[in-house]
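Since the structure comes first, as structure tokens, the remarks are kept for the end.
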Amino acid sequence: MKIAVCIKQVPTREWQPRLNEAGNWIREADATWEMNEPDAFALEEALRLRERHGGEVVICSAGPARVQQVIREALARGADRAIHVQDDRLGAVDAWTVANALAGAMAGERFDLVLTGLQSDDQGLGQTGVSLAERLGIPHSTIIMDVEIGAGRIRVKRELEGGWFQWVSLPMPALLTIQSGINQLRYATLKGIMAAKKKDIRVLAWDGATEPLLRIERLAPPARTKRTQMLTGSAAEVAAELVRRLREEARAL
């Protein structure tokens, strides 16, 4: 079975974001980077499926040259090879643009299964997987908590609201967006890190033909709304003023 896993490189959670001069994205030169956590769970699920059913796991990613950091990490964890659509413009584009870039690179591979994380930790749109399924012309299912593969079909467990779950059966090939926590992540061993250096990463250029459907116009840190006010006067006056403000301004009484 041939499984593709789409991964994204995102800023580390410990890094304090700083905006660029235009105010529409972060200062990437200052950031530290890591593998998107939901994508790590998708990778782990792909490795487990390969262990049960055989085949290969292929990493697919789009972005600047720095993305090879997380590609190598995925290869060290056990993936077989990788495809990298490399272009600096793909670092902060919308989900539809990324899906188009990946679809072009994946079209000739004839994957049986495509896995992505549910959403990214930076933009959090949750649309790359479903957009990619549309571009590849294959069925998809989202928020997956369990995967069972049979003869030419796949049965998956979807997480719904309010603690409910739903089992869905799909024909293959198919695309699944994986929920975080579906499995226990493995980490790269020294042997895996050494082996990753010899694994193939096919670097492809992006034609840049896709017009983004969404652009970030402006980012801003959350506004601080809390402030401390000191009431002066006698105890009776302060109590009366506090009651007035609670009733008329805070509407808590």
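Readers should treat all values here as calculations from the given coordinates under stated rules, not as data from a laboratory. Owing to the predicted nature of the structure, the values given are computational and were not obtained by experimental measurement. FYI the Cβ positions are ideal-geometry reconstructions off the backbone, even for glycines, and counts take in every protein chain you see.
Quick look at the values:
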{"item": "Fraction of beta bridges assigned by DSSP in the chain that are antiparallel (%, nearest 5)", "result": "35 percent"}
{"item": "Quarter of Cα convex hull surface for the stretch 1-116, i.e. mean projection, nm²", "result": "7.2 nm²"}
{"item": "Alpha-carbon radius of gyration plus Dmax, which is the widest Cα pair, for the stretch 112-242 in Å", "result": "25.0, 81"}
{"item": "Per DSSP, loop chymotrypsin sites (Phe, Trp or Tyr not before Pro) in the stretch 128-181 with at most 11 further Cβ within 10 Å", "result": "164"}
{"item": "DSSP H segments from the chain that extend 18 Å or more along their own axis, Cα-based, with Kyte-Doolittle mean of -0.5 or above", "result": "235-248"}
{"item": "For the chain, alpha-carbon Rg relative to the globular expectation (2.2 N^0.38 Å, N residues)", "result": "1.29"}
{"item": "Phi to ³J(HN,Hα) by Karplus 6.51 cos²θ - 1.76 cosθ + 1.60 over the stretch 3-10, Hz, x for Gly, Pro", "result": "10, 9, 10, 8, 10, 10, 8, 10"}
{"item": "Exceeding the 32 Å Cα-Cα cut-off - candidates 8/198; 8/226; 2/191", "result": "8/226"}
{"item": "Range in the chain, longest, excluding exposed GluC sites (Glu not before Pro) [loop by DSSP; at most 15 other beta-carbon atoms within 10 Å]", "result": "110-216"}
{"item": "Student exercise, the stretch 16-149 dipole from Lys, Arg, Asp, Glu Cβ charges, in Debye to nearest 20", "result": "260 debye"}
{"item": "Order of 8, 226, 199 - criterion: other Cβ atoms within 10 Å of each residue's Cβ, fewest first", "result": "226, 199, 8"}
